[in-house]
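Below you'll find the structure, written out as structure tokens, and then a few comments.
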Amino acid sequence: MRPFVVGTAGHIDHGKSALVQALTGTNPDRLPEEKRRGITIDLGFAHGTLADGVQAAFVDVPGHEKFVRTMVAGAHGVDVVLFVVALDEGLMPQSREHADICRLLAVPRTVVALTKDDLASQLDPEWPALVEADVRALGGAFEAAPIVRVSARTGAGIDTLKQALADAARTLPPRPTAVPPMLPIDRVFSLKGHGTVVTGTLLAGTMTAGEEFEIATPAPRNVSIRSGQRARTLQVHGASVTKAYAGQRVAVNVPGIEVAEVERGAALVGFGTGHIRQSALLDVVLESVPAAPVLKNRSKVMLHVGTAQAMATVDLLGLGELAPGESTVAQLRLDRALPVLRDQRFVLRGFRVLARGGQTVAGGRILFADHRKRRSHDHEHVEALGGEAASVVAALLEEAGARGWSRVELRLLLNELPTKLPGIASGDRLFAASAIEGTTQRLRALIRERSSVPREEARTALGEGVHPLAFELAAARLGPEFVVGEMLMIAAARRDPLEDKVEQLLVSGGLGPPTAGELATSLKADKYAIGGALRALAKAGKAVRLTDELFVGAGPAGEFRRRVVESLQARGELTTLELKELAGVSRKFAIPLCEWLDREHVTLRVGEKRTLRRGSQS
Ligand SMILES: Nc1nc2c(ncn2[C@@H]2O[C@H](COP(=O)(O)OP(=O)(O)OP(=O)(O)O)[C@@H](O)[C@H]2O)c(=O)[nH]1
Ligand SMILES: [Mg+2]
């Protein structure tokens, strides 16, 4: 059975504190003012043994309508709500508001105590059944919750109630344990000889005595974090422990911090995680209370999350308003950054008392401690953040582009990581496949534009939005057209396999090679492709262009030129016929060959004869 916290709820004076005392032997009202006025003002704490030796921590909350914010701070980490209704009064305004709050905070288990049962004899015999029916009519968890009639005064029903609480706790869902600790602070005090002690319910993770941690304090701007603090000692249920687990109420001795530096609303978080935990922009799933008025877009409300509060503007992301009892995704923009946890529940309260009592209008679940303002077109994206871990990771990666996310950050943001991670991994970082593909394309375009660019310069040119690991992934994907080293370059023009075949046929054709048309036919290739291959060979010095139709291999052409120069040096001049005989080919080839030599300024044509141009060597 995992550790758990029982929290009271119910209208003022209905006997919550008296019941906690009857269950645990501890009076949770410890302030002199509470004792004098006979009401609870601040949260009270106790612990005791239920049925079968089961240990439980208790948080007792005030019922007064002015102290609902304290009630919410007390209820945030509660596993089993002990919903107290005085039998003689029945449901009252804060009974209903506390019921709403427990439902919005998704307190996992509910046990109802109809207390002051010792007064039953003075009541109409039909009255208790009516009260019970009203409780059932609250709906949800109240429809099937155990209802136990008790008296704190006589002790009647207390054992049955202990049994009901223990039974309810037996099947509690687990808390996230594989995450860094998160402890919303609900009390700060100084202990003589020990220094500052903070207490709270450990919502997630485990804490170890001596461990370093951070304190995230609600802050007007961005984040406010005190790092490098150490938990000197830990106490659970009044006894020192070396480790505390999620679901336990923990007292942490933090000698490095002054009492005045911390207050309820701050949170103790794992070392190095404060910047992820704290945010003034929260993507949430919002659910409005059925009896509340319509919630308009841009409404200003008070957000209660963990033990903290902040003023919030509700952006319904494209919706004009939220009808009572409906739900949607939204972004809450806070006047200060609060420490939060994914899936943490919250409550929104308005500023006027509603007809049925109380000011609670909505609540919901935190999806994401964001860093940016959402717009209406982000509606679907925020919706995706409410899905299964794998699809949430995919949505986050998609949005982060080439900046990506580290596994550590994702685990902190989501409390867990799916076993199969989407995206492309490099080191500890993950990127959406589309982001790497996009970066690769940008890099290719950059290199093509500049032919070559130093690696570092290319990285800078792509901008800060591209994480160095994304750049490396992109560089590795450039493809064979590029050379990747300290310089990123276009590889020398890649040879077309058609060029090889054309070159072969030209060389074997000597001075009488196939024409472009004949090459196209014999290679079954397009004449433009043949033309391209021939021009590429000529450009590379492997062939000589005689006419557009006729190219000869560079080897045979050079050999012919050498022999012509040799002959002319010996004989002074040569006729076209003599030149044709020297080439050993038909006129069809000989004439263009001679004209090529003229163009090359090797020969000079004088009538039907050619001489060697002055200055021409070979
Ligand atoms: N007769 C009778 N009176 C009770 C019983 N339990 C509590 N009371 C009385 O009811 C009054 C209120 O009790 P508390 O326990 O302080 O009520 P509470 O719900 O904690 O009140 P707040 O914390 O101020 O909301 C006190 O005068 C108690 O003595 C009970 O079982 N029987
Ligand atoms: Mg009380």
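The values are calculated or read from the model by the stated rules, or taken from the named source; none is laboratory data. Bear in mind the structure is a predicted one, so any value in this text is a computation, not a measurement. Note that we place each Cβ from the backbone using ideal geometry, even for glycine, and neighbour counts take in every protein chain shown. Please note that ligands, DNA and RNA were not included when accessible areas were found on the heavy atoms of the full protein model with its side chains. Shrake-Rupley method; radii C 1.70, N 1.55, O 1.52, S 1.80 Å.
A few remarks follow.
- Test: residue in the range 345-357 that is farther than 19 Å from residue 99 by Cα and either among the β-branched types (Val, Ile, Thr) or assigned to a strand (DSSP E or B) (or both): no
- The single residue among 146, 181, 176 that is out of contact with any helix residue (DSSP H, G or I) (no Cβ under 7 Å at 6 or more places or on another chain), closer than 23 Å to residue 102 by Cα and not acidic (Asp, Glu) turns out to be 176.
- Filter pass, residue 84 being open to solvent by less than 20 Å² (accessible area, probe 1.4 Å), of a type in the set (Val, Ile, Thr) and away from ligand 2 (no atom under 16 Å from the Cβ): no
- Near pairs, Cβ below 6 angstrom, 6+ apart or cross-chain, from the range 307-318 (free of Cβ contacts under 8 Å to residues at least 12 places away in the same chain) to any residue that is open to solvent by less than 10 Å² (accessible area, probe 1.4 Å): none
- Some residue of the range 191-198 being without any contact (Cβ under 8 Å) to a residue 40 or more places away in the chain and surrounded by fewer than 19 Cβ atoms within 10 Å (Cβ to Cβ): yes
- Residue among 232, 226 that alone is touching a helix residue (DSSP H, G or I) at 6+ places or on another chain (Cβ under 8 Å) and closer than 27 Å to residue 42 by Cα: 226
- Within the range 18-60, considering residues that are within 20 Å of residue 160 (Cβ to Cβ), in contact (Cβ under 8 Å) with a residue 12 or more places away in the chain and small (Gly, Ala, Ser), the one nearest to ligand 2 (Cβ to nearest atom): 18
- Residue list for the range 199-216, restricted to those being crowded, with 16+ Cβ neighbours inside 10 Å, without any contact (Cβ under 8 Å) to a residue 60 or more places away in the chain and among the β-branched types (Val, Ile, Thr): 206, 215
- Residue tally, condition within 16 Å of ligand 1 (Cβ to nearest atom), under 24 Å from residue 325 (Cβ atoms) and acidic (Asp, Glu), over the range 89-133: 1
- Just one of (1) without any contact (Cβ under 8 Å) to a residue 40 or more places away in the chain; (2) more than 25 Å from residue 504 (Cα to Cα) fails for residue 523. It is (2).
- One residue stands out in the range 533-569 among those that are touching a Gly at 6+ places or on another chain (Cβ under 8 Å) and open to solvent by 50 Å² or more (accessible area, probe 1.4 Å): the one that is modelled with the lowest pLDDT, namely 542.
- Checking residue 121 against (1) hydroxyl-bearing (Ser, Thr, Tyr); (2) over 26 Å from residue 3 (Cβ atoms); (3) within 35 Å of the chain's Cα centre (by Cα), the condition it does not meet: (3)
- Filter result for residue 54 (in contact with a helix residue (DSSP H, G or I) (Cβ under 9 Å, 6 or more places away or on another chain), over 16 Å from residue 238 (Cβ atoms) and within 13 Å of ligand 1 (Cβ to nearest atom)): no
- The set of residues in the range 1-34 being within 24 Å of residue 185 (Cα to Cα), near ligand 1 (Cβ under 10 Å from one of its atoms) and part of a helix (DSSP H, G or I) consists of 16, 17, 20, 21, 34.
- Hey, residue 502 of a type in the set (Val, Ile, Thr) and assigned to a strand (DSSP E or B) or not: no
Quick grid of which residues meet (1) in a strand (DSSP E or B); (2) under 16 Å from residue 102 (Cβ atoms); (3) open to solvent by 60 Å² or more (accessible area, probe 1.4 Å):
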{"site": "284", "(1), (2), (3)": "yes, no, no"}
{"site": "301", "(1), (2), (3)": "yes, no, no"}
{"site": "304", "(1), (2), (3)": "yes, yes, no"}
{"site": "310", "(1), (2), (3)": "yes, no, no"}
{"site": "324", "(1), (2), (3)": "no, no, no"}
{"site": "330", "(1), (2), (3)": "yes, no, no"}
{"site": "333", "(1), (2), (3)": "yes, no, no"}
{"site": "336", "(1), (2), (3)": "yes, no, yes"}
{"site": "368", "(1), (2), (3)": "yes, no, no"}
